[in-house]
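Heads up: the structure comes next, in structure tokens.
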Amino acid sequence: MAKVLIVGTIGLDTIETPFGKKTDIIGGSAVHAAVAASFYVQPAIVGVAGTDFPSEHLEFLRSRGIDTSGIKILPGETFRWSGYYEYDMNQAHTRDTRLNLYATFNPEIPEALRDADYVFLANLDPDLQLKVLAQLKKPKFVAMDTMDFWIKNKRDVLHQVIKKVDLVLMNDGEARQFMETPNIPLAADRLLKLGAKSVIIKKGEHGALFFSNGSHFSAPSYPQDQLRDPTGAGDSFAGGFIGYLAKNDDLSEQAMRRAIIVGSVMASFNVEDFSLNRMKQLKQKEIVERFGAFRRFTEFETIAAW
Ligand code: AMP
């Protein structure tokens, strides 16, 4: 089985949506991504948490087959993010970001994980993303994500990360902000020109767009009527995407397209409830059924000239 490594935050989130408020629930970019990926492979997480991080969360990650040997538990406080969503649930509003142990975190990839084949650099300080890249032996595929917080604070370092990866994932608002254009295809083109080999622009409940030199794919949105908390949608997308690619160890265009739909399926489940509550209940059969629905909703025939 291909080895998958996910580096990002392990966090406790406080989230308010029109459907309720929850305090200190398990979250973090690496956690959401790894849980989604764990439906396909046995990913490893590298990150840090404090002694305040409930051990039941670590037990849950292990119960999903996730390798937690790269998670350091140190004296101090776990990363905390607090945010809210209004009726436009595509837009997260940050109330507070406390890096806590991530402010001084030095990501050391355990020797046994340095030869990972598929790597996801989830939303994290881009300086730390660079440190991770420097320790990898010869990955087949590296994807990265980021967010407005880092675009605002570490734009130049982000440029360096983008040059070194196979895939850049961003949501539409972030790509517009980062590439300073309202036009999404133009923003994607600018990311490719910066050196990214391919780009996925996530449009929340409106689907996702894939761009690379010479090809384009558009993933539909899923008519989701159970939306309760969008937190982690982007990371579940990425985790499902990379987990599926790694499971088949296939980087062909067709495999990428299927992986994008798998990512969309995982994100669509994650938003049905707060934190990982929906993912904790999710069954493989439901994934396959929803993948089929995505296919049905977008299948159409060609037209002849008239
Ligand atoms: P998303 O998939 O984009 O909704 O990511 C949600 C997760 O990202 C939350 O569970 C947060 O704990 C985490 N997060 C929020 N802000 C940051 C940040 N600045 N750096 C890394 N992770 C973050």
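Points worth noting:
- Accessible-area ranking of Met170, Met256, largest first, probe 1.4 Å: Met256, Met170
- Cα-projected label distance for Phe60 with Glu301, points at 7 Å along beta-carbon direction, nm: 4.8
- For the chain, the average shadow cast by the Cα convex hull is 15.9 nm², which is a quarter of the hull's surface.
- Nonlocal amide H pairs with Val46, under 5 Å, H built at 1.01 Å: Ile6, Val7, Gly8
- Under Karplus coefficients 6.51, -1.76 and 1.60, residue-wise ³J(HN,Hα) of the stretch 17-33 in Hz, glycine/proline x: 10, x, 9, x, 10, 10, 10, 6, 9, 5, x, x, 5, 5, 5, 4, 5
- Ligands, DNA and RNA excluded, the heavy atoms of Ser252 present near 50 Å² of accessible surface to a 1.4 Å solvent probe.
- Residues in the stretch 156-171 that a label on Leu251 would reach, taking backbone N under 15 Å of a point 7 Å out along Cα→Cβ: 163-168
- Inter-centroid distance (Cα atoms) of the stretch 51-96 relative to the stretch 238-306, Å: 24
- Label-to-label distance for Thr94 and His216 is 3.1 nm, based on points extended 7 Å past Cα in the beta-carbon direction.
- Across the stretch 235-245, coupling constants 3J(HN,Hα) worked out from phi with the 6.51/-1.76/1.60 Karplus curve, θ = phi - 60°, read 6, 5, 4, 5, x, x, 4, 6, x, 5, 4 Hz, and Gly and Pro carry x.
- Sequence-distant residues sharing a close amide H with Asn171 (under 5 Å, placed H): Lys202
- Which listed pairs, of Lys22/Lys247; Lys22/Lys203; Lys152/Lys280; Lys163/Lys283; Lys22/Lys164; Lys164/Lys280, have C-alpha distances above 31 Å, in listed order: Lys22/Lys247; Lys152/Lys280; Lys163/Lys283; Lys22/Lys164; Lys164/Lys280
- Normalised by the number of residues in the chain, the average gap of Cα pairs under 8 Å and 6 or more apart makes the relative contact order 18 percent.
- Remark: the stretch 209-225, residue by residue, has Karplus-estimated 3J(HN,Hα) of 10, 10, 10, 8, 5, x, 8, 8, 9, 10, 8, x, 8, 9, x, 7, 10 Hz, where x stands for each Gly or Pro and the curve is 6.51 cos²θ - 1.76 cosθ + 1.60 at θ = phi - 60°.
- Computed over protein heavy atoms with a 1.4 angstrom probe, the accessible surface ordering of His57, His216, largest first, is His216, His57.
- Highest-first arrangement of 2-10, 291-299, where packing means the average Cβ count within 10 Å: 2-10, 291-299
- Simple label model, 7 Å out from Cα along Cβ direction - Lys72 to Asp156, nm: 2.6
The values are calculated or read from the model by the stated rules, or taken from the named source; none is laboratory data. It should be emphasised that the depicted structure is a prediction, and the values quoted were computed from it without experimental measurement. In this analysis, Cβ positions are derived from the backbone assuming ideal geometry, glycine residues included, and neighbour counts consider all displayed protein chains. Heads up: the accessible areas ignore ligands, DNA and RNA and are worked out on the full protein's heavy atoms, side chains in. Shrake-Rupley method; radii C 1.70, N 1.55, O 1.52, S 1.80 Å.
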